[in-house]
Every structure is written in C-alpha cells, then in structure tokens.
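Structure first, then comments.
The values are calculated or read from the model by the stated rules, or taken from the named source; none is laboratory data. A quick note: this is a predicted structure, and the numbers were derived from the prediction, not measured. Counting neighbours? That spans all protein chains shown, and the Cβs are built from the backbone with ideal geometry, glycine included. The protein model used for the area step is the full one, side chains on, heavy atoms only, and it has no ligands, DNA or RNA in it. Shrake-Rupley method; radii C 1.70, N 1.55, O 1.52, S 1.80 Å.
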Amino acid sequence: MNNNCPKRDDMNHIKSEYNYFARRIDKELKCLASNPEIGIKAIRISQSLCKIIMNGPSDSPFEGGFFIFD
C-alpha cells in the first residue's frame, strides 16, 4: 500500500476548503459586479480561472489606463 496517498479524511478536508474558497470567490465576484464605480471588473473564465480588468487610479501615472490580470 502506498503511504504517500492522502487519507479519506484528508481528501474530505481538502474538498471542504475548496468549496469554501469557491463560494467566497463567487461572493467577491458578485460584489465587484454590483459596484462598477470602483473600476474593477471580474470575469469568470472557468471554475478555477478569473480575468480581472482594473482601471488605472486617478491622480497617478496609470490614470486612463486599464490593466488585465489572470
């Protein structure tokens, strides 16, 4: 038997944490979508990937620009 494999309890814990973080990310994405005035737009590409588009802050060298993060 391979002792390096995760135990069932470990896998349940990992799945529980994943579900928690997935729900938290969904909550944050909804918050961003309902507040467009903050200048950040988030687009879910897949279950594990989001694209973030952020406007450059006012009164900075980045004003008027937009920045994309994966």
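Please give me the summed charge of the neighbours of Arg44: other residues whose Cβ is under 15 Å from its Cβ, Lys and Arg +1, Asp and Glu -1.
Working: positive: Arg23, Arg24, Lys27, Lys30, Lys41, Lys51; negative: Asp26, Glu28, Asp70.
Summing Lys and Arg as +1 and Asp and Glu as -1 gives +3.
Please list, in order along segment 36-44, the HN-Hα scalar couplings obtained from phi with the Karplus expression 6.51 cos²θ - 1.76 cosθ + 1.60 (θ = phi - 60°), rounded to whole Hz, x for Gly and Pro.
These are the phi-based 3J(HN,Hα) values: x, 5, 7, x, 10, 10, 10, 10, 7 Hz.
Skip the ligands, DNA and RNA, and give the accessible area per residue of the chain with a 1.4 Å probe, whole Å². Present the calculation step by step, with values, prior to reporting the outcome.
Details: 6260 Å² over 70 residues.
Ligands and nucleic acids excluded, the figure is 89 Å² per residue.
Counting only other residues whose beta carbon sits under 14 Å from that of Gly56, what net charge do I get with K and R as +1, D and E as -1?
Details: positive: Lys41; negative: Asp59, Glu63.
Local charge sum for Gly56: -1.
Ratio to report: Rg/Rh of the chain, with Cα atoms as the point set and Rh obtained by the Kirkwood method; give two decimals. Present the calculation step by step, with values, prior to reporting the outcome.
Numbers: Rg = 18.2 Å, Rh = 14.8 Å.
Radius of gyration over Kirkwood radius for the chain works out to 1.23.
Using only Cα atoms and rounding to the nearest 10 degrees, what angle (0 to 90) does helix 8-34 make with the longest principal axis of the chain?
Taking the Cα atoms of the chain, the angle to 8-34 is about 10 degrees.
At 0.36 nm per residue, and after removing the present C-alpha to C-alpha distance, how many nm does the segment from Asn55 to Asn12 gain when stretched out fully?
That works out to 11.5 nm of additional length.
Let me know the number of lysine pairs in the chain closer than 15 Å at the Cα, not counting same-chain pairs under 8 apart. Each step should come with its number before you reach the end.
Details: Lys7/Lys15; Lys27/Lys41; Lys30/Lys41; Lys30/Lys51; Lys41/Lys51.
For the chain, qualifying lysine pairs total 5.
Percent of accessible area on the chain owned by carbon and sulfur, 1.4 Å probe? Mind dumping the intermediate values first?
Values: 3590 of 6260 Å².
That fraction is 57 percent.
So if we plug the beta-carbon distance of Lys27 and Ile68 into 1/(1 + (r/R0)^6) with R0 = 35 Å, what FRET efficiency do we get, rounded to 0.05? Kindly include the intermediate steps, with their values, before the conclusion.
Working: r = 22 Å, r/R0 = 0.64.
My answer for the efficiency is 0.95.
For n ≥ 4 DSSP H runs only, could you compute -39500 (n - 2.57) per run for the chain, divide by its residues and tell me the 222 nm figure to the nearest 500?
Result for the chain, helices only: -14000 deg cm²/dmol.
So how exposed is Lys15, as accessible area in Å² (1.4 Å probe, rounded to 10)?
The value for Lys15 is about 130 Å².
Determine the dipole magnitude for the chain: charges of +1 sit on the beta-carbon of Lys and Arg, -1 on that of Asp and Glu, nothing else is charged, the reference point is the Cα centre, and the result goes in debye to the nearest 20. Kindly include the intermediate steps, with their values, before the conclusion.
On the way: 10 positive and 9 negative charges, 87 e Å.
Roughly 420 debye, rounded to the nearest 20.
Given the whole protein assembly as supplied and a 1.4 Å probe, what does the accessible area of Asp10 come to in Å², nearest 10?
Number for this one is 80 Å².
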